[in-house]
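Everything below concerns the one structure shown next.
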């Protein structure tokens, strides 16, 4: 690490952190200058880590989106740009700093972004618990406080990708405020860890009585082809006539692969991947036939017949 590189890195961070730079708005020329500064900072390699650390430890930031620079520069804020620079630098020092910031920050976007950065640097077991702890603490804080305008979607993405039974409780509590995001995470967690909780929610009269009534039932339908217990619970709810009439169209559509997602994706997709083999199509038709055999709801029968016809047409293709 040369003194020249360290000084250059410090100068670049100081330049990037000048609020005065944004006076008068953001021109394409200014945006290019910012992009060039971030690129040069990453090119300094490990020599840039101390300067980046010094700024991040102040917990200051410049909101690029708020000043009209986000789309032009490619980062929503200065801190996100610096975190991306750390990811580009890589190596033990940069990775360790990324992990330290993950353990300190409460910002949902930073938590999600850092999890994505660390995913490229470390085996999951070396950062997974830190990511889950940060996400659950931030979600619990957001659940108990007033909305502050920040999207919590990155927290749900982290919990879905890395979560296990240890985060189910916080997700169940989050359903009161963020219905679809929380239930979709429960449906999409690895190894079906969230399915028992999702079934409990689908059986809860308060959840069925909220909105269209499908907050838990639709995600349960999305999981039905993958998990037999989800499938059995769905059929049981239909048999007991516990599926609201307003929930049948989206529930049936989910069985045809019309899956719901939430928010902007840091980790590619928040819905399970569908492989349309003949066996998968047959399984989905079989689930629909089971539901048709037990439901007496006219709207349910109509939605299921439509879904079945759509799946059957896939065989013809």
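The values are calculated or read from the model by the stated rules, or taken from the named source; none is laboratory data. Since this is a predicted model, take the numbers as computed values, not measurements. Counting neighbours? That spans all protein chains shown, and the Cβs are built from the backbone with ideal geometry, glycine included.
Descriptive notes on the structure:
- Unique match (being in contact with a helix residue (DSSP H, G or I) (Cβ under 8 Å, 6 or more places away or on another chain), in the same structural domain as residue 198 (by TED's automatic domain parsing), loosely packed, with under 14 Cβ neighbours inside 10 Å and over 26 Å from residue 162 (Cα atoms)) among 312, 307: 312
Each row is one residue, and each column tells you yes or no for (1) part of a helix (DSSP H, G or I); (2) in contact (Cβ under 8 Å) with a residue 60 or more places away in the chain; (3) within 20 Å of residue 154 (Cα to Cα).
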position	(1), (2), (3)
39	yes, no, no
51	yes, no, no
55	yes, no, no
60	no, no, no
65	no, no, yes
71	yes, no, yes
82	yes, yes, yes
86	yes, no, yes
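- Residue count for region 266-299 under the criterion of being part of a loop (DSSP other than H, G, I, E, B) and either under 15 Å from residue 222 (Cα atoms) or in contact with a helix residue (DSSP H, G or I) (Cβ under 7 Å, 6 or more places away or on another chain) (or both): the result is 12.
- Restricting region 119-133 to residues that are in contact with a helix residue (DSSP H, G or I) (Cβ under 6 Å, 6 or more places away or on another chain) and more than 20 Å from residue 171 (Cα to Cα), the residue that is surrounded by the most Cβ atoms within 10 Å (Cβ to Cβ) is 127.
- Taking region 306-317 as the range and being over 18 Å from residue 231 (Cα atoms) and part of a helix (DSSP H, G or I) as the test, the residues that pass are 306, 309, 310, 312, 313, 314, 315, 316.
- Given (1) in contact with a strand residue (DSSP E or B) (Cβ under 8 Å, 6 or more places away or on another chain); (2) exposed (fewer than 15 other Cβ atoms within 10 Å of the Cβ), index of the condition residue 66 fails: (1)
- Residue in region 156-172 that is outside any loop (DSSP other than H, G, I, E, B), at pLDDT below 95, within 23 Å of residue 249 (Cβ to Cβ) and assigned by TED's automatic domain parsing to the domain that holds residue 245 present: no
- When region 134-155 is filtered for residues that are in a loop (DSSP other than H, G, I, E, B) and surrounded by 21 or more Cβ atoms within 10 Å (Cβ to Cβ), only 152 remains.
For every residue, the table says whether it meets (1) without any contact (Cβ under 8 Å) to a residue 40 or more places away in the chain; (2) under 15 Å from residue 266 (Cβ atoms).
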residue	(1), (2)
93	no, no
96	yes, no
112	no, yes
130	yes, no
135	yes, yes
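- Enumeration of residues in region 88-111 that are outside any helix (DSSP H, G or I) and more than 25 Å from residue 47 (Cβ to Cβ): 106, 107
- Qualifying residue in region 186-208 (condition: surrounded by 17 or more Cβ atoms within 10 Å (Cβ to Cβ), within 18 Å of residue 258 (Cβ to Cβ) and in the same structural domain as residue 299 (by TED's automatic domain parsing)): yes
- Filter result for the condition that a residue is modelled with pLDDT of 95 or more and assigned by TED's automatic domain parsing to the domain that holds residue 19, over 114, 122, 86, 132: 86
- Filter pass, residue 158 being under 20 Å from residue 130 (Cα atoms) and buried (at least 22 other Cβ atoms within 10 Å of the Cβ): yes
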